[in-house]
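One structure below.
The values are calculated or read from the model by the stated rules, or taken from the named source; none is laboratory data. Just so we're clear, the structure is a prediction, and the values are computed from it rather than from any experiment. Because the Cβ atoms are built from the backbone with ideal geometry, glycine has one as well, and the counts that use them run over all protein chains shown.
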Amino acid sequence: MDVSEHVQGILDTLPNRPGCYLMKNANGEIIYVGKAINLRNRVRSYFHNSAEHDFKTRQMVRHIAHIDWIVVASELEALILEMNLIKKHRPRYNIRLKDDKRYPYIKVHWSSDFPKITVTRQMSEDGSRYFGPYTSVWAVHQTLDVLRRIFPYISCDRTITGQDPRACLYYDIKLCSGPCIGAIQKAQYRQMMDDLCLFLQGRTEPVVDRLRAEMEKAAEELRFEQAAGLRDQINAIDRVVEKQKVISSEQIDSDVIAMARENGEACVQIFFIRAGKLIGREYFVLEGTEEAADSEVIATFLKQFYAEAATIPPQVLLPNEVEEVNIIQQWLRTRGAGRTVEISVPKEGPSHELIHMAAENAAETLSALRAQWETDKGRQTEALAELQQALSLAEPPNRIECYDISNTQGTASVASMVVFEQGVPAKKHYRHFNIQSVVGPDDFASMEEVLTRRFRRWQAAQEMLAGQTPGKPPDESFARLPDLLMVDGGKGQLGRAVKVLAEFGLTDKVPVTGLAKQEEELFVPGKETSLLLPRHSQGLYLIQRIRDEAHRFAITAHRKRRSKEGLASRLDAVPGIGPARRRLLLTHFGSIDSILAASVEELTAVRGITEEIARAIKAHLE
């Protein structure tokens, strides 16, 4: 492929050393971070044999204008640096956990004489004990509600002396053990908090055994009120433990990881097995996973999740092998205070069944997340109102159309048109366009062609509806104008969209915006500076979802076109196959894999295909 003189100069001077590399675009933005055992070989590979790369990688390489690199002493150091750089810069072409906020943890302030519990998003080396991460603050507080009823820890800001004249209301309702009035001594309180930590780790048996022994001793000494309190505490623990599924009779600690994927999104489910019991589970959604292999997605999740995890078990079970398994295991040992961490892929038995169960949960979670958005009218209304305000629209944009271009180095170019109505996909109105007038990789010209064809169809529909031209009823998807037109590509694509709208006299009728990929900036006509929606706003989530859907739909159409064109070119070489028979085969089978899999008898079922031609097809294609 063509490489600029500047980039070629960098490629010629890359060292044969381990390290990280940072790909930058023409604006100096970091678009990809990677690591390598040999920087020279790895980075140069992006620019060789480009046909072997997936679509996403080819797209990335087209935007590389500069490459920085950092040399380190080992592959382990490269892995750690890579994770830190991805976390800091969140490059567009890297796979990453979808939420860029920090996840919440439960923090036990162990360095205090009377430890309290708080919720935090930052772990630090301060002598505290941490548990998590959790995916939502709501889930953390639900856990704390249960914990406080079993282990009534303090939640106030009093200085604990044991000499206060009276306790607060929480003591009266048994949600505090009352160290402020001396109802519990320091050693007893710290033992209770240690039990709480064991409980969070799934180690309930030693806690229950000790409490039962204390209860029996209290009863023997006729301290019946204290014995009753211990009995209630044991019963509360038992009620929680009853809900924890026993996975193994062995006292095994492991994390079980599985994944589900749909429409370019990936949801990873993780089961936490402690002492042979399933004590909890969490899910995480990853973005930037289009065309990435399952093994790459899982490897990325391992690095990003365990960089933040408070605890690491000795065993991690995966659904498939990952290439970086040895270096990740080495890194996990450094994170786990030197303890051996084994990553394995179970092929049978209870562990394999656990992987299957986690995968089913991941699929259900991904489906539920999609359904939740599509049925949550409050969020949709909020998102549309935010867009109306940000873009200064007269009304909420109830119909939004978004366009994206997909091609392979300028060949088989396809554009997508996706439509969202009331904030949800209106898939019956989706359309794609095969680019006809543009030669080479010119996305701007392709966008201009697509929008011209789209609004020409709108113009024809208006004339037909007005009775000026006869014909069949117009395509409903083109007969209406959007309340907001979005083009994926920032200022350049916005300029082409503005030009087309002006040609059709729609400048004042159709609001338009361009979405730049890197910072999710919105550009509007007549303004030099971009708009940035709040990072966690519903409006931003909606435009990201629309953009991702347009991208997915464009790639899907592009793949189909490439497949058909590749099939057609191979069929042209078969004796006896002309345009008519080729078209019949294309219509009947649709893909080269289907024709390859078809028997001679199945091929002869197509009109015009004799047994002799069918055998010729099999011989040439195989």
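Looking at region 475-516 only, could you name the residues that are in a helix (DSSP H, G or I) and either of a type in the set (Lys, Arg) or closer than 17 Å to Phe433 by Cα (or both)? Within region 475-516, Glu476, Ser477, Phe478, Ala479, Lys491, Gln493, Arg496, Ala497, Lys499, Val500 meet the criteria. Within region 426-457, the set of residues being surrounded by 20 or more Cβ atoms within 10 Å (Cβ to Cβ) and over 19 Å from Phe478 (Cα atoms) comprises just one member, Asp443. Taking Gln251 as the residue in question, decide whether it is surrounded by 15 or more Cβ atoms within 10 Å (Cβ to Cβ), modelled with pLDDT under 80 and either not aliphatic (A, V, I, L, M) or not in a helix (DSSP H, G or I) (or both). No; evaluated as a whole, the condition is false for this residue.
Residues are listed down the side, and each one gets a yes or a no for (1) of a type in the set (Phe, Trp, Tyr); (2) in the same structural domain as Phe305 (by TED's automatic domain parsing); (3) under 21 Å from the mean Cα position of the chain (by Cα):
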| position | (1), (2), (3) |
| --- | --- |
| Asn84 | no, no, yes |
| Lys88 | no, no, yes |
| His109 | no, no, no |
| Asp113 | no, no, no |
| Arg121 | no, no, yes |
| Asp126 | no, no, no |
| Tyr134 | yes, no, yes |
| His141 | no, no, no |
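Just to be sure, is Gln329 surrounded by 19 or more Cβ atoms within 10 Å (Cβ to Cβ) and assigned to a helix (DSSP H, G or I)? In short, no. For first residues located in region 600-617 and on the phi > 0 side of the Ramachandran plot, partners that are basic (Lys, Arg) and in a helix (DSSP H, G or I) and lie 6+ apart or on another chain with Cβ distances below 6 Å form the pairs Gly608/Arg581. Name every residue in region 97-135 that is under 30 Å from Arg545 (Cβ atoms), buried (at least 19 other Cβ atoms within 10 Å of the Cβ) and in contact with a helix residue (DSSP H, G or I) (Cβ under 9 Å, 6 or more places away or on another chain), in order of residue number. Answer for region 97-135, where residues must be under 30 Å from Arg545 (Cβ atoms), buried (at least 19 other Cβ atoms within 10 Å of the Cβ) and in contact with a helix residue (DSSP H, G or I) (Cβ under 9 Å, 6 or more places away or on another chain): Leu97, Pro104, Tyr105, Gly132, Pro133, Tyr134. Take the conditions (1) surrounded by fewer than 16 Cβ atoms within 10 Å (Cβ to Cβ); (2) within 47 Å of the chain's Cα centre (by Cα); (3) not polar (S, T, N, Q); Leu196 misses just one of them, which is (1).
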